[in-house]
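Notes follow the structure.
The values are calculated or read from the model by the stated rules, or taken from the named source; none is laboratory data. This one's a predicted model, so the numbers in the text were calculated from it and none came from an experiment. Cβ atoms come from the backbone with ideal geometry, glycine included; neighbour counts cover every protein chain shown.
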């Protein structure tokens, strides 16, 4: 197995995913908690594509403004498969959720928690969103917390930038419905649809992008709970589109810590107030509520 790799600061990981246009090349990331940099890699079965993959990765890095050496290397196929799985283990999140890698699902018997945790089975090799990234984890915690309030049982849920579909799957398992998500990446839509079916939940996903003046897919103009795990600058840029979609709670995530005050101000100006926020590493996630009469 051939790989093309670079190591970059964590704050550039999400922007790099956003701008990387690799066609058939799939970009992945991993950061060990003991290491300061995140490792970005493209794995290639055909080594002849390494030069093109290197060029595309360098182009994306230039767009986001990060400079780092790009290296090419080889690892045995079996080592790649084992290392791929070694970094992802069964992971309890919040009071009622646990993310279980697909290869551990058959042996998962629960952890004895009360109430029992809802199991989300994922293949972390798919689209962005496994529960391990700080932004995804914080969103899952807030979805769980909202469900525990009780007042949002059976409430509609919208997942903006659904990635792997993990937030939608969690919402469906915790009793939200209808559940809908969208993503600008059609591959993410396909992966999210597959993951929802794998988890036995009803969640619908669409290929859709904000900023084009179109109505939301699915027929609903407003959702009781909206999770927008996209980048901070996009949350500000599209605030006029996002705000009217929210009927009750809004989770804003994908925000570097220093940008959170700007994001919060943008939504306060549109009738929201902060209920809570959580910071994990370099990322802040906010739980907002639409003010009465808005």
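One residue alone among 237, 249 is at pLDDT 90 or above, surrounded by fewer than 16 Cβ atoms within 10 Å (Cβ to Cβ) and in the same structural domain as residue 139 (by TED's automatic domain parsing), and that residue is 237. Is it the case that residue 213 is more than 30 Å from residue 121 (Cα to Cα), at pLDDT below 90 and out of contact with any helix residue (DSSP H, G or I) (no Cβ under 7 Å at 6 or more places or on another chain)? So residue 213 fits the description; yes.
Being touching a residue at least 40 places away in the same chain (Cβ under 8 Å) and not in a helix (DSSP H, G or I): is that true of residue 218 here? Give the derivation first.
Values: touching a residue at least 40 places away in the same chain (Cβ under 8 Å): yes; not in a helix (DSSP H, G or I): yes.
Considered against the rule, which asks whether it is touching a residue at least 40 places away in the same chain (Cβ under 8 Å) and not in a helix (DSSP H, G or I), residue 218 comes out as yes.
Residue 235 meets the conditions (1) at positive phi; (2) in contact (Cβ under 8 Å) with a residue 12 or more places away in the chain in every case but one. The failed one is (1). It is to be established whether one or more residues within region 58-67 are buried (at least 17 other Cβ atoms within 10 Å of the Cβ), out of contact with any helix residue (DSSP H, G or I) (no Cβ under 8 Å at 6 or more places or on another chain) and at pLDDT 90 or above. No, region 58-67 contains no residue that is buried (at least 17 other Cβ atoms within 10 Å of the Cβ), out of contact with any helix residue (DSSP H, G or I) (no Cβ under 8 Å at 6 or more places or on another chain) and at pLDDT 90 or above.
Any residue in region 142-156 that is out of contact with any strand residue (DSSP E or B) (no Cβ under 6 Å at 6 or more places or on another chain) and surrounded by 24 or more Cβ atoms within 10 Å (Cβ to Cβ)? Within region 142-156, one or more residues are out of contact with any strand residue (DSSP E or B) (no Cβ under 6 Å at 6 or more places or on another chain) and surrounded by 24 or more Cβ atoms within 10 Å (Cβ to Cβ). Contact map, region 105-133: residues that are under 29 Å from residue 38 (Cβ atoms) paired with residues that are at pLDDT below 60, Cβ distance under 6 Å, separation 6+ or inter-chain. Pairs shown: 130/124.
Yes/no per residue for (1) at pLDDT 90 or above; (2) buried (at least 18 other Cβ atoms within 10 Å of the Cβ); (3) under 19 Å from the mean Cα position of the chain (by Cα); (4) in the same structural domain as residue 70 (by TED's automatic domain parsing):
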{"site": "13", "(1), (2), (3), (4)": "no, yes, yes, yes"}
{"site": "31", "(1), (2), (3), (4)": "no, yes, yes, yes"}
{"site": "36", "(1), (2), (3), (4)": "no, no, no, yes"}
{"site": "48", "(1), (2), (3), (4)": "yes, no, no, yes"}
{"site": "51", "(1), (2), (3), (4)": "yes, no, no, yes"}
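Taking the numbered list (1) within 30 Å of residue 138 (Cβ to Cβ); (2) at pLDDT 80 or above; (3) out of contact with any strand residue (DSSP E or B) (no Cβ under 6 Å at 6 or more places or on another chain) in turn, residue 94 passes all entries but (2).
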